[in-house]
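Every read-out reported here was derived from the displayed coordinates using simple, explicitly stated rules and does not represent laboratory data. A quick note: this is a predicted structure, and the numbers were derived from the prediction, not measured. Cβ atoms come from the backbone with ideal geometry, glycine included; neighbour counts cover every protein chain shown.
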Amino acid sequence: MFGLRQDTSLEGLLRLGGIALGGAVTALVPLTFPPDGGPTAFDRALAAPIHAALDTRPGIYQALVIPSNAYILVPLLLLAGAWFGYRGHWRRAAIMVAVPELAAGLNAALWKPLWDRHLHDYLAYPSGHTVHLVAIATTFILLVDSVRARVSTFAVAVVALLAAAVGMVGLDYHLPTDIIGGAAVAIAMVLALCWAAQLLIDNTNAAGR
């Protein structure tokens, strides 16, 4: 899994556990939704202090959502792919670019219509901005060899996601449960898609021997 090396038993178990946990969280969160798909008690409990603390500060929410915007995420995605390509890891470069975009597309085409949670005039669950951000970070963490790079990426991604979450909730773009579901389904999809890519590469290599 990591760096497209052959799985060890532990890595395989971690991968399957991550897929199962992410899928379970994504599927269970909607069970808490009221019949009209509106905010849950958990959503209201998290949103209230955000609004109380930041509603009087103009522009803060718009600044906080910047890490989740496509004009930030797409260049970062391409830069990560180019970095792998520069180092001669062309398969990793292709996976780095393809997997997060495929995850975002699957979320829009499958998961949002499946749970059909409307907010304003769009489907809100799971949060697409969250899926894109988390999918890019998770894919890079899986593909990169350096432990330091993994830890640094994880730390930056957590801070970026928390900031974007506050901004999205403050602007009423998403409810907190939309964001939780988005993070969970992004991790599950990336783990599954990277696993599928690894199996395809292993089978291709075996057939070429």
- Task: Averaging sequence separations of C-alpha pairs under 8 Å and six or more residues apart, then dividing by the length of the stretch 25-133, give the relative contact order as a whole percent.
- Result: 24 percent
- Query: Against the longest principal axis of the chain, how steep is helix 176-207, in degrees 0 to 90 to the nearest 10, with axes from Cα atoms?
  - Reply: 10 degrees
- Message: From zero outward in steps of 10 Å, how is the percent of C-alpha pairs of the stretch 71-159 spread across the bins?
- Response: 17, 43, 28, 11, 1
- Query: Which angle between 0 and 90 degrees, to the nearest 10, do you get for helix 9-28 versus the longest principal axis of the chain when only C-alpha atoms count?
  - Reply: 30 degrees
- Item | For the stretch 92-209: relative contact order, % (alpha-carbon pairs under 8 angstrom, 6 or more apart) | 32 percent
- Query: When the Cα centres of the stretch 35-106 and the stretch 152-183 are compared, how far apart do they sit, in Å?
  - Reply: 7 Å
- Can you give the helix-only mean residue ellipticity at 222 nm for the chain, where every DSSP H stretch with n ≥ 4 adds -39500 (n - 2.57) and the sum goes over all residues, rounded to the nearest 500 deg cm²/dmol? -24000 deg cm²/dmol
- Order of 52-63, 109-120 by packing, highest average Cβ count within 10 Å first? 109-120, 52-63
- Nearest 10 degrees, 0 to 90: helix 70-86 Cα axis against the chain principal axis: 10 degrees
- Could you point to the residue in I187, L76, A108 farthest towards the positive end of the chain's charge dipole, with +1 and -1 charges on the Cβ of Lys/Arg and Asp/Glu respectively? L76
- Message: Need one number for the stretch 40-110: average projected area of the convex hull over its C-alpha atoms, nm².
- Response: 7.2 nm²
- About its Cα centre, what dipole magnitude does the chain give when the only charges are +1 on Lys and Arg Cβ and -1 on Asp and Glu Cβ, stated in debye to the nearest 20? 700 debye
- Note on the structure: In Å, the Kirkwood estimate of hydrodynamic radius for the chain over Cα pairs equals 17.9 Å
